[in-house]
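First up is the structure itself, then whatever we jot down about it.
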Amino acid sequence: MIDANGRTLFAHLPSGRAPPLADLIGPRTLKALLARVPANEAAVRQRGDAMVLLGKAGDTPALIAFSPIVRESGPATLDTSTYRIFVDIRLLDNKLLAEWGKGFGLQHLRWAQGGRSAGDEASTLVRDWSGAPLGTIAWQRLAPGSLAVRELFPIIGFCIVLFLAVAALIARRVQSLNRELAIQSHSAIEAGRQEREARLLADSDELTGLYNRRRFYADLEHAAIPANLDAMTVGLIDLDRFKPINDTFGHLVGDGVLIEVARLLRDTAGPDATLYRLGGDEFAMIVQLDGAATLRLAETICAAVAAPMRIGDRQVSLGVSIGLAPFVDSELTPVDLAKRADHALYHAKRERPGQAVPFNLELERRLLDDHVIEAELHASEFENELHFDVQPIVSMQSGAVVGGELMARWTSARLGVVEPQRFVEIAERSTVIHVITRNAMRRALELLDMLPPGKTLSVNVSACDLHCAETVDAMLDMVSNSSADPRRLCIEVTETAVMRNLDAAIHALHRFRAIGMQVALDDFGTGYSSLSNLHRLPLDKVKIDRSFALNFDNSYSVSIVDAVVNLCHSLGLCCIVEGVETASQAFKLQKIGCDLMQGYLFSYPLNANVFVTFAAQWFAPREEGRPRIAG
């Protein structure tokens, strides 16, 4: 069975081989066969019989019967572009000629080798469909002289005509089978089409039309093979400033931005890159180029996306950061490549936003260090090595310590003191962050029993914690089963953590507030800083990021803090400023009307037991009995 272009779809030979039909009968004969196929389904029905060509199959003369597979009734929609053609080949070999000879009384009917017959034989030349000589058939003379030969010519002709008639009969029988095959073939084709469409939908992102996360990891499995060494690079792409655009102008504009970015990626990436949307504002690409060429391509993409774009009646500007992982070592697995690209992207977002960053030896060293830290985080002794310091939070009006923020500290027996930001960042990429958060809550409840009444403690909760119902349940159970007043506990979350899954975060925060706990939005001003979040989220406090206090010599920073403080007060929210290090900063913040402060001006993070003593002595009856607030 072949398609309308002559491509073999199915073949069965006695030998078991299934070569393309063009190899079997020759490309010229195949072309002639296709040229004789009726133009459409209606013409096939009108003709009825199969068509026959005289040619060769390999080196053997053969009768080639063929007929398009069409429906017996119904709409005639098929044409030469959609046909499936059934081909039946009957070899005209010496075995068949011998059978004919017996049937017609001809002795030694055969193909004459080299076209030459013996002196006592009669012969006739046989030509193929094009008129080219096919061979000479010879047989033993029955009578002497030319008269006997002339008498045998009609017999030979009759044999050939009879065989053609038999072939036509066979073709008719084949055609009846074809009708059934046509129905089955049509069903199979339709099922195949539906399967392809379903697979495409399963592998595609509905909004942008790019491939999706599932397809990315499947393609990466096939791409990370030795044959692609030094000729393939993985890229992870993240949009900069997308969230503010989405929050300010709404989801319709946000979707329009994603669609436009996808178009720019297609137009810029070219044929060497396969593009994917992993979700949200995250994209990816698998590029069939080495690291240097891919870096040039990525820089072109960054420039294209950075140009202002018009979405409807609005003009928006955003950027894109890209992390690249060239396939330079055959030992690298798809997971390794994805991790390398992710580390490079993280470095780009943090150090070089709006640029493309390839994974390099320095990043590799950091990745190896991260693997060591991660292994130690999972070690059995980690919880025993983990402890929490507390940084005081001070009232702007009275100068009194009103509470503190728990800060995780880790001194590893193997690694020594590990930088908090480093191990927390690594823990957030695994389930270990849940261990840290639960221990922080457990320690906060212990300290509340030791602190004077009214003092509060804050516990940081990550995005992973907010979206893990098991961790939220465990924290709520600890609070419910303790003697501590829930109103003395505050959950601190960053905007970045909240915006990963806003609905899930809001649900979790409502559960904390339902038992009386407070909620603070941490690092305000460094994340998406959407003012809409201040009334959508169930908040009690807003903590302005330390970067504003450090830049208080800048009138722009002062104006922003002033505006945020006034907004918080209008919403009934308490406002805390982090990173206060000088008396000048504290004085300006006091004039603005900030409620609480936190920073090195008052105290570094203290050992938990020291903090308990520190906070308790603020109730000393004499001024000289109070501790001095200092670093």
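Details
- Cα pair distances exceeding 12 angstrom across the range 554-610, given as percent: 68
- Positive minus negative residues near residue 355 (Lys, Arg vs Asp, Glu; Cβ under 14 Å): 0
- Taking a straight Cα-Cα cut-off under 26 Å and skipping sequence neighbours fewer than 8 places away in the same chain, the lysines within cross-link reach of residue 56 are 31, 95, 102.
- Normalised per residue, the accessible area of the range 46-138 is 52 Å², obtained with a 1.4 Å probe and no contribution from ligands, DNA or RNA.
- A cut-off of 5 Å between modelled amide H atoms, ignoring neighbours fewer than 5 places along the same chain, links residue 204 with 212.
- Spacing of the two label points (7 Å from each Cα toward its C-beta) at residue 604 and residue 28, in nm: 9.5
- Counting only residues at least eight positions apart within a chain, or on another chain, the lysines with an alpha carbon under 17 Å from that of residue 455 are 541.
- Solvent-accessible surface of the range 444-579, taken per residue with a 1.4 Å probe and all protein chains present: 41 Å².
- Per-residue Karplus couplings for the range 563-578, computed as 6.51 cos²θ - 1.76 cosθ + 1.60 with θ equal to phi - 60°, are listed in order as 5, 5, 4, 5, 5, 4, 5, 5, 9, x, 9, 7, 10, 10, 10, 8 Hz, Gly and Pro entered as x.
- FRET efficiency estimate (nearest 0.05) - Cβ-Cβ, residue 506 to residue 422, R0 45 angstrom: 0.90
- Mean accessible surface per residue for the range 222-378, computed with a 1.4 Å probe while every protein chain stays in place, in Å²: 46
- For the chain: rounded, prolate or oblate by the Cα gyration tensor [a/c cutoff 1.5]: prolate
- Using a probe radius of 1.4 angstrom, the carbon and sulfur fraction of the accessible surface of the chain is 53%.
- Cα centroid separation - the range 558-618 against the range 256-305, whole Å: 44
- Estimated [θ] at 222 nm from DSSP helical runs (n ≥ 4, -39500 (n - 2.57)) normalised by residues in the chain, nearest 500: -14500 deg cm²/dmol
The values are calculated or read from the model by the stated rules, or taken from the named source; none is laboratory data. Keep in mind the model is a prediction, meaning the values are calculated, not measured. Here the Cβ is made from the backbone with ideal geometry for all residues, glycine too, and neighbour counts use every protein chain on show. To get the accessible areas, we keep the full protein, side chains included, count just its heavy atoms, and leave off ligands, DNA and RNA. Shrake-Rupley method; radii C 1.70, N 1.55, O 1.52, S 1.80 Å.
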